[in-house]
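Remarks on the structure that follows.
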Amino acid sequence: MCNPHLLSNVATNDAHGENSPYFDGWKAYDDNPYHPINKPHGVIQMGLAENQLCFDLIEDWMRRNPQASICTSQGLSNFKEIALYQDYHGLPSFTKAVAEFMEQIRGGRAKFDPNRIVMSGGATGANELIAFCLADPGEAFLLPTPYYPGFDRDVKWRTGVELIPVHCKYSNDFRLSIGDLEAAYNGAQERNIKVKGVLVASPSNPLGTVLDEATLIELLEFSTQKQVHLVCDEIYSATVFFSDKRFISVAEILQKYPGRFDQTLVHIVYSLSKDLGLPGFRVGIIYSYNDIVVKSGRRMSSFGLVSTQTQHLLACLLADKVFVAKFLEESRARLKARFTTLTKGLERVGIHCLKGGGGLFCWMNLRPLLQEATVEEELRIWRRIVHEVRLNVSPGSSFHCTEPGWFRVCFANMDEATMATALHRIKSFLPTMAPRRRRPEIGLVLSASRTMEEMKDQGKHMLDFHPLSSPHSPLLKATS
(Lines give C-alpha, C1' and ligand atoms only; values in the text may rest on other atoms or scores of the structure.)
Protein backbone atom coordinates (compact mmCIF):
# COMPACT_ATOMS: atom_id res chain seq x y z
CA MET A 1 0.00 0.00 0.00
CA CYS A 2 1.30 3.44 -0.94
CA ASN A 3 2.60 5.62 1.88
CA PRO A 4 0.11 8.54 2.09
CA HIS A 5 2.97 10.87 3.01
CA LEU A 6 4.23 10.44 -0.55
CA LEU A 7 1.01 11.94 -1.91
CA SER A 8 -0.37 15.47 -1.90
CA ASN A 9 -2.59 16.79 0.87
CA VAL A 10 -5.38 17.37 -1.65
CA ALA A 11 -5.32 13.72 -2.68
CA THR A 12 -5.32 12.33 0.86
CA ASN A 13 -7.44 14.71 2.94
CA ASP A 14 -11.10 14.12 3.85
CA ALA A 15 -12.42 17.40 2.45
CA HIS A 16 -14.19 15.57 -0.38
CA GLY A 17 -16.89 14.62 2.12
CA GLU A 18 -17.25 11.10 0.78
CA ASN A 19 -17.44 9.67 4.31
CA SER A 20 -20.55 11.60 5.30
CA PRO A 21 -23.94 9.92 5.84
CA TYR A 22 -25.09 11.60 2.63
CA PHE A 23 -22.82 9.32 0.61
CA ASP A 24 -23.03 6.36 3.00
CA GLY A 25 -26.67 5.91 2.04
CA TRP A 26 -25.68 5.64 -1.60
CA LYS A 27 -23.23 2.88 -0.69
CA ALA A 28 -26.01 0.95 1.05
CA TYR A 29 -28.07 1.24 -2.14
CA ASP A 30 -25.15 0.18 -4.35
CA ASP A 31 -24.63 -2.93 -2.19
CA ASN A 32 -28.30 -3.96 -2.34
CA PRO A 33 -30.29 -2.06 -5.01
CA TYR A 34 -34.04 -2.55 -5.09
CA HIS A 35 -35.66 -4.38 -8.01
CA PRO A 36 -39.35 -5.30 -7.91
CA ILE A 37 -38.66 -8.88 -9.05
CA ASN A 38 -34.99 -9.67 -8.51
CA LYS A 39 -34.48 -7.77 -5.25
CA PRO A 40 -37.88 -6.85 -3.77
CA HIS A 41 -36.28 -6.34 -0.33
CA GLY A 42 -33.45 -4.18 -1.66
CA VAL A 43 -32.74 -0.55 -0.80
CA ILE A 44 -34.86 1.99 -2.70
CA GLN A 45 -32.81 4.96 -3.81
CA MET A 46 -34.45 8.13 -2.49
CA GLY A 47 -31.19 9.98 -1.92
CA LEU A 48 -30.42 10.84 -5.55
CA ALA A 49 -31.83 14.06 -7.03
CA GLU A 50 -32.28 12.73 -10.52
CA ASN A 51 -35.11 13.64 -12.89
CA GLN A 52 -36.26 10.54 -14.76
CA LEU A 53 -39.90 11.51 -15.28
CA CYS A 54 -39.64 12.75 -18.88
CA PHE A 55 -37.13 10.49 -20.57
CA ASP A 56 -39.87 9.25 -22.86
CA LEU A 57 -40.27 12.75 -24.33
CA ILE A 58 -36.57 13.13 -25.10
CA GLU A 59 -36.33 9.60 -26.47
CA ASP A 60 -39.28 10.28 -28.76
CA TRP A 61 -37.66 13.51 -29.99
CA MET A 62 -34.41 11.66 -30.76
CA ARG A 63 -36.25 8.99 -32.74
CA ARG A 64 -37.86 11.75 -34.80
CA ASN A 65 -34.58 13.68 -35.20
CA PRO A 66 -31.84 11.12 -35.91
CA GLN A 67 -29.73 13.74 -37.71
CA ALA A 68 -28.97 15.34 -34.32
CA SER A 69 -26.58 12.48 -33.49
CA ILE A 70 -23.35 11.89 -35.38
CA CYS A 71 -23.73 8.21 -34.53
CA THR A 72 -26.60 7.69 -36.99
CA SER A 73 -26.55 7.42 -40.76
CA GLN A 74 -28.58 10.63 -40.97
CA GLY A 75 -26.05 12.57 -38.88
CA LEU A 76 -22.83 10.96 -40.06
CA SER A 77 -22.00 13.82 -42.43
CA ASN A 78 -21.16 15.96 -39.37
CA PHE A 79 -18.89 13.36 -37.80
CA LYS A 80 -15.51 14.72 -38.93
CA GLU A 81 -16.27 18.32 -37.99
CA ILE A 82 -17.52 17.37 -34.54
CA ALA A 83 -14.72 14.85 -33.89
CA LEU A 84 -11.90 17.37 -34.41
CA TYR A 85 -10.64 19.93 -31.89
CA GLN A 86 -13.06 22.77 -31.20
CA ASP A 87 -12.68 26.15 -29.53
CA TYR A 88 -13.10 25.76 -25.78
CA HIS A 89 -15.55 28.66 -25.87
CA GLY A 90 -18.07 26.08 -27.08
CA LEU A 91 -19.86 25.49 -30.35
CA PRO A 92 -21.63 28.77 -31.27
CA SER A 93 -24.82 26.82 -31.94
CA PHE A 94 -24.63 25.31 -28.45
CA THR A 95 -23.98 28.49 -26.46
CA LYS A 96 -26.74 30.25 -28.43
CA ALA A 97 -29.18 27.41 -27.74
CA VAL A 98 -28.34 27.33 -24.01
CA ALA A 99 -28.75 31.13 -23.70
CA GLU A 100 -32.16 30.95 -25.39
CA PHE A 101 -33.17 27.96 -23.24
CA MET A 102 -32.35 29.92 -20.09
CA GLU A 103 -34.47 32.79 -21.41
CA GLN A 104 -37.34 30.43 -22.24
CA ILE A 105 -37.35 28.95 -18.72
CA ARG A 106 -37.64 32.47 -17.30
CA GLY A 107 -40.53 33.38 -19.58
CA GLY A 108 -38.46 35.91 -21.50
CA ARG A 109 -38.10 38.11 -18.41
CA ALA A 110 -34.29 37.96 -18.65
CA LYS A 111 -31.91 38.01 -21.58
CA PHE A 112 -28.64 36.06 -21.80
CA ASP A 113 -25.66 36.79 -24.02
CA PRO A 114 -24.10 33.58 -25.47
CA ASN A 115 -20.69 35.27 -25.27
CA ARG A 116 -20.93 35.29 -21.47
CA ILE A 117 -21.43 31.54 -21.18
CA VAL A 118 -18.58 29.46 -19.78
CA MET A 119 -18.86 25.68 -20.09
CA SER A 120 -17.80 23.13 -17.51
CA GLY A 121 -18.19 19.45 -16.70
CA GLY A 122 -21.53 19.59 -14.87
CA ALA A 123 -22.53 21.91 -12.05
CA THR A 124 -19.80 20.31 -9.91
CA GLY A 125 -17.14 21.60 -12.27
CA ALA A 126 -18.89 24.95 -12.61
CA ASN A 127 -19.00 25.49 -8.85
CA GLU A 128 -15.32 24.70 -8.50
CA LEU A 129 -14.39 26.84 -11.48
CA ILE A 130 -16.21 29.90 -10.14
CA ALA A 131 -14.57 29.37 -6.73
CA PHE A 132 -11.15 29.29 -8.40
CA CYS A 133 -11.98 32.51 -10.27
CA LEU A 134 -13.29 34.47 -7.28
CA ALA A 135 -11.33 33.43 -4.19
CA ASP A 136 -7.91 32.36 -2.94
CA PRO A 137 -7.24 29.59 -0.40
CA GLY A 138 -8.40 30.60 3.06
CA GLU A 139 -10.96 33.11 1.77
CA ALA A 140 -14.61 32.31 2.20
CA PHE A 141 -18.16 32.30 0.87
CA LEU A 142 -21.22 32.72 3.06
CA LEU A 143 -23.83 30.01 2.42
CA PRO A 144 -27.33 29.67 3.95
CA THR A 145 -28.18 26.37 5.60
CA PRO A 146 -29.37 23.77 5.00
CA TYR A 147 -27.34 23.41 1.82
CA TYR A 148 -26.36 20.72 -0.69
CA PRO A 149 -23.56 18.57 0.81
CA GLY A 150 -21.74 18.53 -2.52
CA PHE A 151 -20.91 22.21 -2.12
CA ASP A 152 -18.30 21.17 0.45
CA ARG A 153 -16.62 19.08 -2.23
CA ASP A 154 -17.24 21.38 -5.20
CA VAL A 155 -16.23 24.67 -3.63
CA LYS A 156 -13.74 23.69 -0.92
CA TRP A 157 -11.90 20.47 -1.68
CA ARG A 158 -9.34 21.43 -4.32
CA THR A 159 -9.59 25.22 -4.10
CA GLY A 160 -8.84 25.66 -0.40
CA VAL A 161 -11.75 28.09 -0.19
CA GLU A 162 -13.87 28.04 2.98
CA LEU A 163 -17.64 27.95 3.40
CA ILE A 164 -19.19 29.80 6.33
CA PRO A 165 -22.74 28.64 7.11
CA VAL A 166 -25.51 31.16 7.66
CA HIS A 167 -27.90 29.20 9.85
CA CYS A 168 -31.58 29.45 8.90
CA LYS A 169 -34.36 28.20 11.20
CA TYR A 170 -37.57 26.24 10.77
CA SER A 171 -39.37 28.92 12.79
CA ASN A 172 -38.87 31.12 9.72
CA ASP A 173 -39.43 28.27 7.21
CA PHE A 174 -35.64 28.25 6.72
CA ARG A 175 -35.83 31.58 4.90
CA LEU A 176 -32.65 33.60 4.64
CA SER A 177 -32.49 36.63 6.89
CA ILE A 178 -30.23 39.47 5.83
CA GLY A 179 -29.63 40.10 9.52
CA ASP A 180 -28.22 36.59 9.89
CA LEU A 181 -26.14 37.16 6.76
CA GLU A 182 -24.72 40.35 8.27
CA ALA A 183 -23.96 38.53 11.52
CA ALA A 184 -22.09 35.77 9.68
CA TYR A 185 -20.15 38.36 7.68
CA ASN A 186 -19.20 40.30 10.81
CA GLY A 187 -18.23 37.09 12.58
CA ALA A 188 -15.89 36.20 9.75
CA GLN A 189 -14.35 39.65 9.88
CA GLU A 190 -13.70 39.26 13.59
CA ARG A 191 -11.89 35.98 12.86
CA ASN A 192 -9.83 37.69 10.15
CA ILE A 193 -11.44 35.62 7.42
CA LYS A 194 -11.90 37.50 4.17
CA VAL A 195 -15.38 36.99 2.76
CA LYS A 196 -15.30 37.00 -1.04
CA GLY A 197 -18.92 36.23 -1.73
CA VAL A 198 -22.32 34.78 -0.95
CA LEU A 199 -23.49 31.51 -2.51
CA VAL A 200 -27.23 30.86 -2.68
CA ALA A 201 -29.31 28.20 -4.42
CA SER A 202 -32.78 28.88 -5.77
CA PRO A 203 -34.67 26.62 -5.88
CA SER A 204 -32.97 25.33 -2.77
CA ASN A 205 -31.50 21.87 -2.45
CA PRO A 206 -32.74 20.36 -0.09
CA LEU A 207 -35.70 22.63 0.73
CA GLY A 208 -37.27 23.06 -2.69
CA THR A 209 -38.05 26.69 -1.81
CA VAL A 210 -37.37 29.69 -4.06
CA LEU A 211 -35.98 33.12 -3.25
CA ASP A 212 -38.51 35.90 -3.69
CA GLU A 213 -37.82 39.26 -5.32
CA ALA A 214 -37.40 41.10 -2.02
CA THR A 215 -34.72 38.67 -0.82
CA LEU A 216 -32.87 38.80 -4.15
CA ILE A 217 -32.85 42.59 -3.98
CA GLU A 218 -31.46 42.46 -0.44
CA LEU A 219 -28.77 40.04 -1.56
CA LEU A 220 -27.79 42.28 -4.46
CA GLU A 221 -27.69 45.30 -2.15
CA PHE A 222 -25.53 43.35 0.32
CA SER A 223 -23.19 42.31 -2.51
CA THR A 224 -22.91 45.85 -3.86
CA GLN A 225 -22.42 47.49 -0.46
CA LYS A 226 -19.86 44.97 0.79
CA GLN A 227 -18.24 44.55 -2.64
CA VAL A 228 -18.46 40.77 -2.42
CA HIS A 229 -19.59 38.41 -5.14
CA LEU A 230 -23.06 36.89 -5.40
CA VAL A 231 -23.13 33.39 -6.90
CA CYS A 232 -26.63 32.10 -7.66
CA ASP A 233 -27.02 28.38 -8.23
CA GLU A 234 -30.11 28.11 -10.47
CA ILE A 235 -29.76 24.51 -11.66
CA TYR A 236 -33.36 23.64 -10.64
CA SER A 237 -34.92 26.70 -12.29
CA ALA A 238 -37.33 24.74 -14.53
CA THR A 239 -38.49 22.39 -11.78
CA VAL A 240 -40.77 24.86 -9.96
CA PHE A 241 -44.22 23.33 -10.32
CA PHE A 242 -46.56 25.40 -8.09
CA SER A 243 -47.96 28.55 -9.65
CA ASP A 244 -47.71 30.50 -6.39
CA LYS A 245 -43.97 29.71 -6.14
CA ARG A 246 -42.74 31.23 -9.41
CA PHE A 247 -39.00 31.01 -9.91
CA ILE A 248 -37.33 34.43 -10.09
CA SER A 249 -33.81 34.57 -11.47
CA VAL A 250 -31.28 37.07 -10.23
CA ALA A 251 -30.92 37.97 -13.92
CA GLU A 252 -34.52 39.22 -13.89
CA ILE A 253 -33.77 41.59 -11.01
CA LEU A 254 -30.68 42.99 -12.74
CA GLN A 255 -32.70 43.60 -15.89
CA LYS A 256 -35.63 45.11 -13.96
CA TYR A 257 -33.43 47.57 -12.06
CA PRO A 258 -30.62 48.56 -14.47
CA GLY A 259 -27.71 50.38 -12.85
CA ARG A 260 -28.95 49.86 -9.30
CA PHE A 261 -26.51 47.06 -8.43
CA ASP A 262 -22.90 46.22 -9.28
CA GLN A 263 -23.63 43.44 -11.74
CA THR A 264 -19.94 42.66 -12.27
CA LEU A 265 -20.20 40.89 -8.91
CA VAL A 266 -23.02 38.57 -10.06
CA HIS A 267 -22.57 35.07 -11.45
CA ILE A 268 -25.08 32.29 -12.23
CA VAL A 269 -24.34 28.57 -12.11
CA TYR A 270 -26.55 26.45 -14.33
CA SER A 271 -26.72 22.90 -15.63
CA LEU A 272 -28.86 20.66 -17.81
CA SER A 273 -28.70 17.82 -15.28
CA LYS A 274 -31.91 18.65 -13.41
CA ASP A 275 -34.14 20.63 -15.77
CA LEU A 276 -33.62 18.24 -18.70
CA GLY A 277 -32.74 15.20 -16.59
CA LEU A 278 -29.38 14.64 -18.31
CA PRO A 279 -26.73 14.45 -15.55
CA GLY A 280 -24.69 11.93 -17.52
CA PHE A 281 -24.10 14.50 -20.25
CA ARG A 282 -22.07 16.59 -17.75
CA VAL A 283 -23.22 20.00 -18.98
CA GLY A 284 -22.40 22.76 -16.53
CA ILE A 285 -22.65 26.47 -17.21
CA ILE A 286 -21.34 29.65 -15.62
CA TYR A 287 -22.99 32.85 -16.75
CA SER A 288 -21.03 35.82 -15.47
CA TYR A 289 -21.60 39.56 -15.82
CA ASN A 290 -17.87 40.08 -15.21
CA ASP A 291 -15.66 40.21 -18.33
CA ILE A 292 -12.54 39.03 -16.47
CA VAL A 293 -14.37 36.06 -14.95
CA VAL A 294 -15.64 35.04 -18.40
CA LYS A 295 -12.15 35.28 -19.88
CA SER A 296 -10.44 33.48 -16.98
CA GLY A 297 -13.22 30.92 -16.68
CA ARG A 298 -12.90 29.93 -20.31
CA ARG A 299 -9.19 29.37 -19.83
CA MET A 300 -9.86 27.17 -16.81
CA SER A 301 -12.68 25.32 -18.55
CA SER A 302 -10.06 23.52 -20.65
CA PHE A 303 -9.82 21.05 -17.73
CA GLY A 304 -13.47 20.05 -17.89
CA LEU A 305 -15.09 20.72 -21.25
CA VAL A 306 -18.39 19.38 -22.53
CA SER A 307 -17.75 17.04 -25.47
CA THR A 308 -18.58 18.51 -28.87
CA GLN A 309 -20.73 15.47 -29.62
CA THR A 310 -22.90 16.35 -26.61
CA GLN A 311 -22.93 20.03 -27.54
CA HIS A 312 -24.05 19.24 -31.09
CA LEU A 313 -26.90 16.96 -29.98
CA LEU A 314 -28.19 19.40 -27.36
CA ALA A 315 -27.90 22.39 -29.69
CA CYS A 316 -30.27 20.60 -32.06
CA LEU A 317 -32.67 19.62 -29.29
CA LEU A 318 -32.79 23.03 -27.60
CA ALA A 319 -33.23 24.80 -30.93
CA ASP A 320 -36.61 23.06 -31.28
CA LYS A 321 -38.58 25.69 -29.36
CA VAL A 322 -41.93 23.95 -29.80
CA PHE A 323 -40.59 20.73 -28.30
CA VAL A 324 -38.84 22.58 -25.45
CA ALA A 325 -42.04 24.44 -24.53
CA LYS A 326 -44.05 21.21 -24.43
CA PHE A 327 -41.29 19.45 -22.50
CA LEU A 328 -41.10 22.12 -19.81
CA GLU A 329 -44.88 22.16 -19.38
CA GLU A 330 -45.14 18.37 -19.14
CA SER A 331 -42.11 18.09 -16.87
CA ARG A 332 -43.59 20.54 -14.36
CA ALA A 333 -46.91 18.70 -14.45
CA ARG A 334 -45.28 15.33 -13.79
CA LEU A 335 -43.08 16.72 -11.03
CA LYS A 336 -46.10 18.29 -9.35
CA ALA A 337 -48.05 15.02 -9.57
CA ARG A 338 -45.17 13.01 -8.12
CA PHE A 339 -44.51 15.54 -5.34
CA THR A 340 -48.20 15.41 -4.48
CA THR A 341 -48.20 11.61 -4.45
CA LEU A 342 -45.30 11.55 -2.02
CA THR A 343 -46.35 14.35 0.32
CA LYS A 344 -50.01 13.29 0.47
CA GLY A 345 -48.93 9.72 1.09
CA LEU A 346 -46.74 10.88 3.96
CA GLU A 347 -49.49 13.11 5.34
CA ARG A 348 -51.85 10.12 5.50
CA VAL A 349 -49.54 8.60 8.10
CA GLY A 350 -48.95 11.91 9.88
CA ILE A 351 -45.61 12.91 8.35
CA HIS A 352 -45.39 16.48 7.12
CA CYS A 353 -42.97 18.17 4.76
CA LEU A 354 -41.88 21.76 4.29
CA LYS A 355 -43.97 23.47 1.62
CA GLY A 356 -41.53 23.78 -1.22
CA GLY A 357 -42.68 23.76 -4.80
CA GLY A 358 -39.43 23.23 -6.69
CA GLY A 359 -36.66 20.70 -7.08
CA LEU A 360 -36.80 16.90 -7.17
CA PHE A 361 -37.26 16.28 -3.45
CA CYS A 362 -39.17 17.17 -0.32
CA TRP A 363 -37.86 18.15 3.14
CA MET A 364 -39.45 15.60 5.48
CA ASN A 365 -40.05 16.36 9.15
CA LEU A 366 -39.41 13.39 11.49
CA ARG A 367 -38.65 15.51 14.55
CA PRO A 368 -41.55 14.00 16.53
CA LEU A 369 -39.74 10.65 16.38
CA LEU A 370 -36.60 11.91 18.10
CA GLN A 371 -36.06 10.79 21.68
CA GLU A 372 -33.84 13.85 22.03
CA ALA A 373 -32.99 16.69 19.67
CA THR A 374 -29.44 15.65 18.78
CA VAL A 375 -27.57 14.77 15.61
CA GLU A 376 -26.77 11.36 17.12
CA GLU A 377 -30.48 10.64 17.53
CA GLU A 378 -31.19 11.80 13.99
CA LEU A 379 -28.50 9.46 12.67
CA ARG A 380 -29.89 6.58 14.75
CA ILE A 381 -33.24 6.99 13.03
CA TRP A 382 -31.53 7.43 9.67
CA ARG A 383 -29.61 4.16 10.09
CA ARG A 384 -32.85 2.34 10.87
CA ILE A 385 -34.51 3.83 7.79
CA VAL A 386 -31.61 2.76 5.57
CA HIS A 387 -31.01 -0.70 7.04
CA GLU A 388 -34.47 -1.75 8.24
CA VAL A 389 -36.90 0.13 6.03
CA ARG A 390 -34.31 -0.03 3.26
CA LEU A 391 -34.88 3.44 1.94
CA ASN A 392 -31.91 5.65 1.22
CA VAL A 393 -32.99 9.09 2.43
CA SER A 394 -30.54 11.82 3.43
CA PRO A 395 -30.29 13.12 7.03
CA GLY A 396 -30.58 16.84 7.58
CA SER A 397 -27.28 17.04 9.43
CA SER A 398 -25.46 16.14 6.21
CA PHE A 399 -26.95 19.35 4.78
CA HIS A 400 -25.60 21.30 7.77
CA CYS A 401 -29.09 21.73 9.20
CA THR A 402 -28.81 22.73 12.86
CA GLU A 403 -32.24 21.35 13.83
CA PRO A 404 -32.15 17.52 14.00
CA GLY A 405 -34.97 15.45 12.57
CA TRP A 406 -35.22 16.65 8.97
CA PHE A 407 -34.58 14.39 5.99
CA ARG A 408 -34.40 14.98 2.25
CA VAL A 409 -36.47 12.52 0.20
CA CYS A 410 -36.06 12.43 -3.60
CA PHE A 411 -39.06 11.43 -5.69
CA ALA A 412 -38.27 11.86 -9.40
CA ASN A 413 -35.78 9.03 -9.90
CA MET A 414 -38.23 6.11 -9.77
CA ASP A 415 -41.49 4.88 -11.25
CA GLU A 416 -44.91 5.02 -9.62
CA ALA A 417 -44.80 1.41 -8.47
CA THR A 418 -41.50 1.92 -6.65
CA MET A 419 -42.85 5.09 -5.03
CA ALA A 420 -45.90 3.12 -3.82
CA THR A 421 -43.61 0.46 -2.34
CA ALA A 422 -41.54 3.12 -0.58
CA LEU A 423 -44.64 4.71 0.93
CA HIS A 424 -45.94 1.34 2.10
CA ARG A 425 -42.62 0.58 3.77
CA ILE A 426 -42.75 3.89 5.63
CA LYS A 427 -46.33 3.26 6.67
CA SER A 428 -45.47 -0.23 7.91
CA PHE A 429 -42.39 0.84 9.81
CA LEU A 430 -43.71 3.90 11.62
CA PRO A 431 -45.33 1.98 14.52
CA THR A 432 -41.87 0.69 15.46
CA MET A 433 -40.41 4.20 15.59
CA ALA A 434 -42.41 5.64 18.49
CA PRO A 435 -40.03 7.40 20.89
CA ARG A 436 -40.07 5.86 24.38
CA ARG A 437 -40.70 9.24 26.01
CA ARG A 438 -44.14 9.54 24.38
CA ARG A 439 -47.41 7.87 25.33
CA PRO A 440 -49.40 6.19 22.55
CA GLU A 441 -51.93 8.40 20.82
CA ILE A 442 -55.65 7.65 21.00
CA GLY A 443 -58.02 7.33 18.04
CA LEU A 444 -55.48 6.84 15.29
CA VAL A 445 -56.51 6.27 11.71
CA LEU A 446 -54.06 3.42 11.16
CA SER A 447 -53.44 0.57 13.60
CA ALA A 448 -50.57 -1.91 13.79
CA SER A 449 -52.96 -4.81 13.11
CA ARG A 450 -54.10 -3.14 9.91
CA THR A 451 -50.48 -2.74 8.89
CA MET A 452 -49.75 -6.41 9.53
CA GLU A 453 -52.71 -7.50 7.41
CA GLU A 454 -51.61 -5.30 4.54
CA MET A 455 -48.10 -6.66 4.79
CA LYS A 456 -49.37 -10.24 4.59
CA ASP A 457 -51.35 -9.33 1.46
CA GLN A 458 -48.32 -7.69 -0.12
CA GLY A 459 -45.61 -9.73 1.54
CA LYS A 460 -43.49 -10.19 -1.55
CA HIS A 461 -42.88 -6.43 -1.61
CA MET A 462 -42.56 -5.76 2.11
CA LEU A 463 -39.98 -6.03 4.83
CA ASP A 464 -40.38 -8.06 8.01
CA PHE A 465 -42.32 -6.15 10.64
CA HIS A 466 -41.06 -6.27 14.22
CA PRO A 467 -42.71 -3.86 16.69
CA LEU A 468 -40.01 -2.46 18.92
CA SER A 469 -42.06 -0.19 21.17
CA SER A 470 -45.51 1.36 20.95
CA PRO A 471 -48.00 -0.34 18.62
CA HIS A 472 -49.06 3.10 17.46
CA SER A 473 -47.10 5.78 15.66
CA PRO A 474 -47.09 9.22 17.28
CA LEU A 475 -47.11 10.64 13.74
CA LEU A 476 -50.43 9.12 12.63
CA LYS A 477 -53.37 11.49 12.52
CA ALA A 478 -56.01 11.32 15.24
CA THR A 479 -59.66 10.92 14.26
CA SER A 480 -60.93 13.03 17.14
Log entry, pairs with first residue in the range 194-207 being under 26 Å from F241 (Cα atoms), second being among the acidic types (D, E), beta carbons closer than 6 Å, six or more apart or on different chains, reads A201/D233
task = Within the range 208-228, identify whether any single residue is touching a Cys at 6+ places or on another chain (Cβ under 8 Å) and in contact (Cβ under 8 Å) with a residue 60 or more places away in the chain, and answer yes or no.
result = yes
Picking from I44, I37, the residue that is more than 15 Å from R390 (Cβ to Cβ), of a type in the set (V, I, T) and modelled with pLDDT of 85 or more would be I37
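Among the residues of the range 76-133, how many are part of a strand (DSSP E or B) and either surrounded by fewer than 18 Cβ atoms within 10 Å (Cβ to Cβ) or among the polar types (S, T, N, Q) (or both)? Spell out the reasoning first.
Just the residues of the range 76-133 that are part of a strand (DSSP E or B), to begin with: 117-121.
Imposing the further condition that a residue be either surrounded by fewer than 18 Cβ atoms within 10 Å (Cβ to Cβ) or among the polar types (S, T, N, Q) (or both) reduces the set to 120.
Within the range 76-133, residues that are part of a strand (DSSP E or B) and either surrounded by fewer than 18 Cβ atoms within 10 Å (Cβ to Cβ) or among the polar types (S, T, N, Q) (or both) number 1.
Looking at the range 271-325 only, could you name the residues that are of a type in the set (D, E, K, R) and out of contact with any Ser or Thr (no Cβ under 7 Å at 6 or more places or on another chain)?
Step one: of the range 271-325, the residues of a type in the set (D, E, K, R) are 274-275, 282, 291, 295, 298-299, 320-321.
Within the range 271-325, R282, D291, K295, R298, R299, D320, K321 meet the criteria.
Yes/no matrix, rows are residues, columns are (1) under 20 Å from S120 (Cα atoms); (2) in contact with a Pro (Cβ under 9 Å, 6 or more places away or on another chain); (3) without any contact (Cβ under 8 Å) to a residue 24 or more places away in the chain:
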site: I248; (1), (2), (3): no, no, no
site: G259; (1), (2), (3): no, no, yes
site: Y270; (1), (2), (3): yes, no, no
site: R282; (1), (2), (3): yes, no, no
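Filter the range 220-258 down to the residues that are in a loop (DSSP other than H, G, I, E, B) and aliphatic (A, V, I, L, M), then identify the one that is surrounded by the most Cβ atoms within 10 Å (Cβ to Cβ).
Here is the first cut: in the range 220-258, the residues in a loop (DSSP other than H, G, I, E, B) are 227-228, 234-236, 240-242, 246-249, 257-258.
Then keep just the ones that are aliphatic (A, V, I, L, M); that gives 228, 235, 240, 248.
Numbers: V228: 20, I235: 27, V240: 24, I248: 23.
It comes out as I235.
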Per the list (1) within 21 Å of the chain's Cα centre (by Cα); (2) assigned by TED's automatic domain parsing to the domain that holds I235; (3) without any contact (Cβ under 8 Å) to a residue 40 or more places away in the chain, residue check on K27 breaks on (2)
Matching residues in the range 210-219 (part of a helix (DSSP H, G or I) and within 22 Å of the chain's Cα centre (by Cα)) number 4
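Condition check: buried (at least 23 other Cβ atoms within 10 Å of the Cβ), closer than 17 Å to P92 by Cα and not polar (S, T, N, Q). Does V294 satisfy that? Spell out how you get there, then give the answer.
Numbers: buried (at least 23 other Cβ atoms within 10 Å of the Cβ): no; closer than 17 Å to P92 by Cα: yes; not polar (S, T, N, Q): yes.
No; evaluated as a whole, the condition is false for this residue.
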Going through (1) exposed (fewer than 15 other Cβ atoms within 10 Å of the Cβ); (2) free of Cβ contacts under 8 Å to residues at least 24 places away in the same chain one by one, E182 fails only at (2)
Item to complete: Can you confirm whether the range 248-257 contains a residue that is of a type in the set (G, A, S), assigned by TED's automatic domain parsing to the domain that holds R109 and either under 19 Å from A49 (Cβ atoms) or modelled with pLDDT of 95 or more (or both)?
Response: yes
Residues of the range 42-75 being assigned to a helix (DSSP H, G or I) and among the charged types (D, E, K, R), in sequence order, are D56, E59, D60, R63, R64
All conditions in (1) modelled with pLDDT under 95; (2) of a type in the set (A, V, I, L, M, F, W, C); (3) within 21 Å of M46 (Cα to Cα) are true of F399 except (1)
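The values are calculated or read from the model by the stated rules, or taken from the named source; none is laboratory data. Only a predicted model underlies this, so the values are computations on that prediction, with no experimental measurement involved. Every residue, glycine as well, gets a Cβ built from its backbone with ideal geometry; the counts of neighbours run over all protein chains shown.
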